[in-house]
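Asks: Right, I'll just put the structure down here and ask away after.
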Amino acid sequence: MKVLIVGSGGREHAIAWSVSRSPKVDKIYCAPGNAGIAEYAQCVNIGAMEFEKLADFAQENQVDLTIIGMDDPLVGGVVDEFESRGLRVFGPRKNAAILEGSKAFSKDLMKKYHIPTAAYENFDDPEKALAYLRTEAKFPIVLKADGLALGKGVLICQNLQEAEDGVKEIMEDKKFGNAGNTMVIEEFMTGREVSVLSFVDGKTIKTMTSAQDHKRAKDGDQGLNTGGMGTFSPSPFYTKEVDEFCQKYVYQPTVDAMAAEGREFKGIIFFGLMLTKDGPKVLEYNARFGDPEAQVVLPRMKNDIVEVMEACIDGTLDQIDLQFEDNAAVCVVLASDGYPVKYEKEIPMYGFENFKGKDGYYCFHAGTKFKDGQIVTNGGRVVGITATGSNLKEARKNAYAATEWITFANKYMRHDIGKAIDEA
């Protein structure tokens, strides 16, 4: 088989690594890819939002399966473009990717189908949002830009002044662009956050192992929100009881709700959960693998990823026995100092050879490229260092040891990824 992967981050590198292990596959392309992905795939200079060029490439090169890694092309309708040409593609169509593309849509869906989530109101008029905040809000409260905002369009406001500033930032100053045309105001939930990824074929859902992300830039969950500074898997807080509750009241009901709305979902649903004192509730949905969640979940998966993805496309997922290793994985992101605000790029990187032949250690590239044959930084999140271990503490120790193997001038990381496991 020939496989094309669309995207350029750490998630796509983890997918490319996973696909490269499939005995079914003999050629991998990635558009646009990065310096790490180039080890497994032929990188093609086509942007993730250039749908016609991507489909042309897939046709011309007789690609058997295209895997869409990123949210923007999914929400924009890349799958529809591929399907209209009779090409096999993994990911939800545009009318299903709205599950991630619009927070207002997903909140309304949960309300209609009684899927547990935080109380909320949707607003498309900043004056009405302000009036609601001044008269009915309980603080702290959460403001969310409706559309895609690179995982950053969420503000937690402690008081009315912060909330008023937040409305201005999202709806008037358009800090997150058109993502802020509509805004969700949501009750603030407390508890442990857990991420659960799942494969879906339109009717059947098979959940993967749990994970937990660290969004804030600095140790102790301080600093600005980022795309994710590290993850661990599994989450010790995701118990058998939590899983049973979610299978019954969250996972299958979400798949059934989308089908009932005429929006059959095939691909990945990422469930962001909050384990509250009143039980698990849905924080958000994503319509693709998380980044950096994929970097800890995929190395633990026993199945051939291509086989599972094809079963999702063909509606035969019920025949797949999805299995994960009885181990643990931790990913620590090495970022450019100054991320997520301002940072230098094109800084030379060294030490990649340290990962060669080392079982259970991975360096997934997120923001890298080649410059004159040398790998250099090309983004805020540069690489994700993942290591496995027999348990979370061992995996964490291994991952932090491996962060020393890569060096570049403005390297920055958090030192407390997975610290919550000490409290479990």
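Asks: Where the second residue is small (Gly, Ala, Ser) and surrounded by fewer than 18 Cβ atoms within 10 Å (Cβ to Cβ) and the first is under 23 Å from Thr388 (Cβ atoms) and lies in region 216-241, which pairs have Cβ atoms under 7 Å and are six or more apart or on separate chains?
Replies: So the pair list comes out as Pro236/Ala424; Phe237/Ala424.
Asks: Give the residue, chosen from Leu273, Leu334, Leu298, that is under 21 Å from the mean Cα position of the chain (by Cα), assigned to a helix (DSSP H, G or I) and crowded, with 20+ Cβ neighbours inside 10 Å. Write out each step before concluding.
Replies: Details: Leu273 fails: assigned to a helix (DSSP H, G or I); Leu334 fails: assigned to a helix (DSSP H, G or I).
Exactly one of Leu273, Leu334, Leu298 is under 21 Å from the mean Cα position of the chain (by Cα), assigned to a helix (DSSP H, G or I) and crowded, with 20+ Cβ neighbours inside 10 Å, namely Leu298.
Asks: Hey, does region 373-391 have a residue that's modelled with pLDDT of 95 or more, under 27 Å from Val196 (Cβ atoms), open to solvent by 10 Å² or more (accessible area, probe 1.4 Å) and touching a Lys or Arg at 6+ places or on another chain (Cβ under 6 Å)?
Replies: no
Asks: Could you tell me which numbered condition Tyr343 fails, if it satisfies all but one of (1) touching a helix residue (DSSP H, G or I) at 6+ places or on another chain (Cβ under 7 Å); (2) farther than 23 Å from Ala402 by Cα?
Replies: (1)
Asks: Give me the pairs, please: first residue somewhere in region 30-43 and in a helix (DSSP H, G or I), second residue anywhere and crowded, with 24+ Cβ neighbours inside 10 Å, beta-carbon distance under 7 Å, and either six or more positions apart or on two chains.
Replies: What qualifies is Ile37/Glu12; Ile37/His13; Ile37/Ala16; Ile37/Cys30; Ile37/His365.
Asks: OK, next. Looking only at region 142-184, count how many residues are closer than 20 Å to Lys107 by Cβ, surrounded by fewer than 21 Cβ atoms within 10 Å (Cβ to Cβ) and touching a Phe, Trp or Tyr at 6+ places or on another chain (Cβ under 6 Å).
Replies: 2
Asks: Failed condition for Phe123, given (1) touching a Leu at 6+ places or on another chain (Cβ under 6 Å); (2) more than 26 Å from Met70 (Cα to Cα), with all others met?
Replies: (1)
Asks: On the basis of being touching a Ser or Thr at 6+ places or on another chain (Cβ under 7 Å) and of a type in the set (Lys, Arg), does Lys358 make the cut? Show your work before the answer.
Replies: Numbers: touching a Ser or Thr at 6+ places or on another chain (Cβ under 7 Å): no; of a type in the set (Lys, Arg): yes.
Spelling it out, it is not the case that Lys358 is touching a Ser or Thr at 6+ places or on another chain (Cβ under 7 Å) and of a type in the set (Lys, Arg).
Asks: Something else about it: If you go through region 344-357 one residue at a time, do you hit one that is out of contact with any Gly (no Cβ under 9 Å at 6 or more places or on another chain), closer than 26 Å to Gln222 by Cβ and in a loop (DSSP other than H, G, I, E, B)? Spell out the reasoning first.
Replies: If we filter region 344-357 for residues that are out of contact with any Gly (no Cβ under 9 Å at 6 or more places or on another chain), which is where we start, we get 346-351, 353-357.
Imposing the further condition that a residue be closer than 26 Å to Gln222 by Cβ reduces the set to 347.
Keeping just the survivors that are in a loop (DSSP other than H, G, I, E, B) gives 347.
Yes; the residues of region 344-357 include at least one that is out of contact with any Gly (no Cβ under 9 Å at 6 or more places or on another chain), closer than 26 Å to Gln222 by Cβ and in a loop (DSSP other than H, G, I, E, B).
Asks: So in region 112-138, with the set limited to residues that are aromatic (Phe, Trp, Tyr) and in contact with a helix residue (DSSP H, G or I) (Cβ under 7 Å, 6 or more places away or on another chain), which one is modelled with the highest pLDDT? Step through it out loud before you land on a result.
Replies: Step one: filter region 112-138 for residues aromatic (Phe, Trp, Tyr), giving 113, 120, 123, 132.
So of that shortlist, the ones also in contact with a helix residue (DSSP H, G or I) (Cβ under 7 Å, 6 or more places away or on another chain) come out as 113, 120, 123.
Values: Tyr113: 98, Tyr120: 92, Phe123: 95.
The residue in question is Tyr113.
Asks: In addition: Looking at Glu307, Glu346, which is the one that is open to solvent by 10 Å² or more (accessible area, probe 1.4 Å) and without any contact (Cβ under 8 Å) to a residue 60 or more places away in the chain? Let's see the steps before the verdict.
Replies: Working: Glu307 fails: without any contact (Cβ under 8 Å) to a residue 60 or more places away in the chain.
Checking each option against the conditions leaves just Glu346.
Asks: Sticking with this structure for a sec: Does region 68-106 hold any residues that are in a helix (DSSP H, G or I), in contact (Cβ under 8 Å) with a residue 60 or more places away in the chain and among the hydroxyl-bearing types (Ser, Thr, Tyr), and which are they?
Replies: Within region 68-106, just Ser106 meets the criteria.
The values are calculated or read from the model by the stated rules, or taken from the named source; none is laboratory data. In this text, all values refer to a predicted model and were calculated from it rather than measured experimentally. Counting neighbours? That spans all protein chains shown, and the Cβs are built from the backbone with ideal geometry, glycine included. Each accessible area value is taken on the protein alone, full model and side chains, heavy atoms only, with ligands, DNA and RNA left out. Shrake-Rupley method; radii C 1.70, N 1.55, O 1.52, S 1.80 Å.
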